[in-house]
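The values are calculated or read from the model by the stated rules, or taken from the named source; none is laboratory data. Quick caveat: nothing in here was measured; it's all calculated off a predicted structure. Neighbour counts run over all protein chains shown; Cβ positions are idealised from the backbone, glycine included.
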Amino acid sequence: MSSILKADNIVKQYAAHRALDDVSIEVPKGCIYGLLGPNGAGKTSLIRIINQITHPDEGQVFFDGVPLSPNHVGQIGYLPEERGLYKKMEVGEQAMYLAQLKGMSKREAKEKLSMWFKRFDISPWWNKKVEELSKGMAQKVQFIVTVLHEPKLLILDEPFSGFDPINTNIVKNEIFRLKEEGTSIILSTHNMGSVEEICDHIALINNSKKILDGTVKQVKEDFKEGIYNIEFKGNMISFTNALGAACELLSSGELDGRISAKVKLAPNISTNDILKAIVGEVEVFGLQEVIPSMNDIFIKQVGANSIKKEANDE
Amino acid sequence: MNKINLIIQREYLTRVKKKSFLIMSIVGPLLFAGIMVVPIWLASEDDDSQNVEVIDETGMFVNKLENNEEVRFNYEFRSLKEAQEELNSKDRKYTAILHIPSVVVTHPKTVQLFYKDKPQGSSVSHMKREIAKNIEDKKLQDLYNLSYDQVSGLRPSIGIVVNKLTESGEVEEKSDDIAMGLGLASAFVIYMFIFIFGVQVMRGVIEEKTNRIIEVLISSVKPFELMMGKIVGIALVALTQIALWVVLSAGIYAGVMAVFGDEMAANQKATIEQLESVNPEATNELAESSAGGDVVAKLSAKMSTINFPVVLGCFIFYFIGGYLLYGSLFASVGAAVDNETDTQQFMAPITIPLILGIVMAQVVMQNPDGTLAFWASIIPFTSPIVMMVRVPFGVETWEVILSMVLLAATFVGTTFMAGKIYRIGILMYGKKPSFKEIGKWIITKT
């Protein structure tokens, strides 16, 4: 699978602050790529470079195999985190204007817009002024304008902020539909829940450096710690004894007469070994590997990184 | 290029479609017409001339003081007290009492004027002149034993025709009053439009920043295109407004002429007076011309001495040049701040040269070939205003060309600099930058 976007060793310096320090990412075609990181990590700097709003001091960006150039503007759709519309302008007129700025012809823009307005069920808004719309309504218009010119690469910065759950779902479904149609999407967000649900790949940026990347599955696999959740009925003490010294009991709790315990297995012990050990003592209902959530990984990685940085600074 | 056209179109259409634009387009010419018509109408309809009762204790001024448009002398032979009583009563015949005491020849400062409606300064000077003239005549009569007619024959009526010697050696009759009016009017229009529409550019930029649409826009177009599109779009709005004003003013003028044409012709004299009061130096000359006969012919003869195509050409150049110079500066101010209240600090360096320009214009008008006039019309920050004052008087070609080249070079420079400030400023939110930081923006790369 070739990549739609490849950024090599990007460095961006703002006065005394290094916003991006040797960051490389590669976004495969047709996938949803999560760009994660705490506030001020450098995500927006990277996105602005991809959008050619600013230019890197060092490094190079390739779009679909060729060096990024102003011609690519029409093939990228960008929904910035800080977004808005002209308040005094009518919705339709404004959408037409923004579409034409992306290089669409008047007729094409008109056709596509009426299709999207129907799909989002907002056709009656065409002649309304933006200031008459609610925030969520304006966000819908903004989303349409971003995807209207059918970009090959879509960059969404916190796309769900300002939407209620129903509209969030609508937009989520649109994102999936666009992916089906072959659009590659970069999603920058703090919402780890949506990362888990939507993204195929992620890159984690912290303190201007990329500290982690890979497919979501791979990353989670890498961060597994051999922790299992065991559900059983029986005596807690005999369960603990059965585990023996090799396994660490992290926590346990009881619900409706069933105990569920989190156990960290020693590296040389398999799940079968543990089952054998406890099956005579208690009645086992289930054994399940605990896979770390993206949220856990994020906090762990960013936290560890910050501590390391502070240590280095001192 | 296509994109910059789109931006120009949007900037233009959204502004022209606004109600305020329509209102300004209609109210503007009415205001202009009002400024021109109302004083004339007032001067002709409303008689604010003084009907002065002269209480002459010497007897030497009776029927000797000359009336003019403002002052009519009437001679009554009664005491000052009686006259004052009548002036205080409701059925008074006169508007003022001029009391000339018997000692006036030896004590010339004892003349008194009592009034109900304050007389204009020019009316009082006229009375002063007339009394002085008569005392002078009287003294000459006594000294040389001459008759009244002999003495008044001594005083010639002088008129000075002001000529400029052109390089070809021809003598060109200059009409300073019209040149002044034209120069000052065009300078003022340029000043006003740079200000009004420059601020519109700034507001437009701030609007895009506060709306947070700016990042959406600059992912599609270059910041420089966005800035230039806005400046040019608003320039077109300004030109449209001027064109509308000219057309509507002409329409109103034509309409008024059609309805009140005859009355206006009769009031032509009042128009001349209007010109006089604006420009006292020209009084004698014009008074003579009005006495001499066909005023309109004389006026148009004066107009023909001004090179109108050159004035118009210069007006358009300095209008556009000045606007581009200041427009880009206003745009960079808009980019540097988040909201309008923060603009004050950055506005000062822009507005001071502009205001200086219009202040100097008044001085330059009096002395259009002086040193101040020269430098102020060469330095690009004041030249659009000051040079326009000088052009109708006729300026050396090399000066105009030098001034234009400098203006063009400077606006290319400021536009370039403003583009740099703009490009970084539009993405900066929060803390208001200092001048030092803005200086850094100019030299950093993106």
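Go through the range B:228-264 residue by residue and tally those that are more than 14 Å from every other protein chain (Cβ to nearest Cβ) and within 22 Å of residue B:196 (Cα to Cα).
Going through the range B:228-264 one residue at a time, the tally reaches 19.
Restricting the search to the range A:110-121, which residues are surrounded by 15 or more Cβ atoms within 10 Å (Cβ to Cβ) and at pLDDT 90 or above?
A:110, A:112, A:113, A:116, A:117
For the range A:2-27, which positions are surrounded by fewer than 16 Cβ atoms within 10 Å (Cβ to Cβ) and within 28 Å of residue A:217 (Cβ to Cβ)?
Scanning the range A:2-27 gives A:2, A:8, A:9, A:22, A:24.
Can you go through A:123, A:114 and tell me which one is assigned by TED's automatic domain parsing to the domain that holds residue A:150, closer than 18 Å to residue A:167 by Cα, free of Cβ contacts under 8 Å to residues at least 12 places away in the same chain and in contact with a helix residue (DSSP H, G or I) (Cβ under 9 Å, 6 or more places away or on another chain)?
Just a single option satisfies the conditions, and that option is A:123.
Just to verify a result, which residue in the range A:62-83, among those that are at the interface with chain B (Cβ under 8 Å from one of its Cβ atoms), buried (at least 19 other Cβ atoms within 10 Å of the Cβ) and in a loop (DSSP other than H, G, I, E, B), is farthest from the chain's Cα centre (by Cα)?
A:83
Taking the options B:410, B:397, B:444, B:371, name whichever one is within 14 Å of chain A (Cβ to nearest Cβ) and surrounded by fewer than 20 Cβ atoms within 10 Å (Cβ to Cβ).
Only one candidate passes the filter, namely B:444.
Here's a check for you: in the range A:223-256, which residue that is among the small types (Gly, Ala, Ser) and assigned to a loop (DSSP other than H, G, I, E, B) is nearest to the chain's Cα centre (by Cα)?
A:226
Pull out all pairs, ordered by first then second residue, where Cβ-Cβ is under 6 Å, the residues are six or more apart or on different chains, the first lies in the range B:54-77 and is free of Cβ contacts under 8 Å to residues at least 60 places away in the same chain and surrounded by fewer than 16 Cβ atoms within 10 Å (Cβ to Cβ), and the second is acidic (Asp, Glu) and not in a loop (DSSP other than H, G, I, E, B).
Final answer for the pair search is B:62/B:56; B:74/B:53; B:76/B:53.
List pairs: first in the range A:273-297 and more than 15 Å from residue A:227 (Cβ to Cβ), second hydrophobic (A, V, I, L, M, F, W, C) and assigned to a strand (DSSP E or B), Cβ under 7 Å, 6+ apart or cross-chain?
A:275/A:284; A:275/A:287; A:278/A:284; A:282/A:232; A:283/A:232; A:284/A:230; A:284/A:232; A:285/A:232
Could you tell me which of the residues A:88, A:135 is facing chain B (nearest Cβ under 10 Å) and surrounded by fewer than 16 Cβ atoms within 10 Å (Cβ to Cβ)?
One residue alone meets the criteria, A:88.
Taking residue A:59, is it small (Gly, Ala, Ser), surrounded by fewer than 23 Cβ atoms within 10 Å (Cβ to Cβ) and assigned to a strand (DSSP E or B)?
So residue A:59 passes the test.
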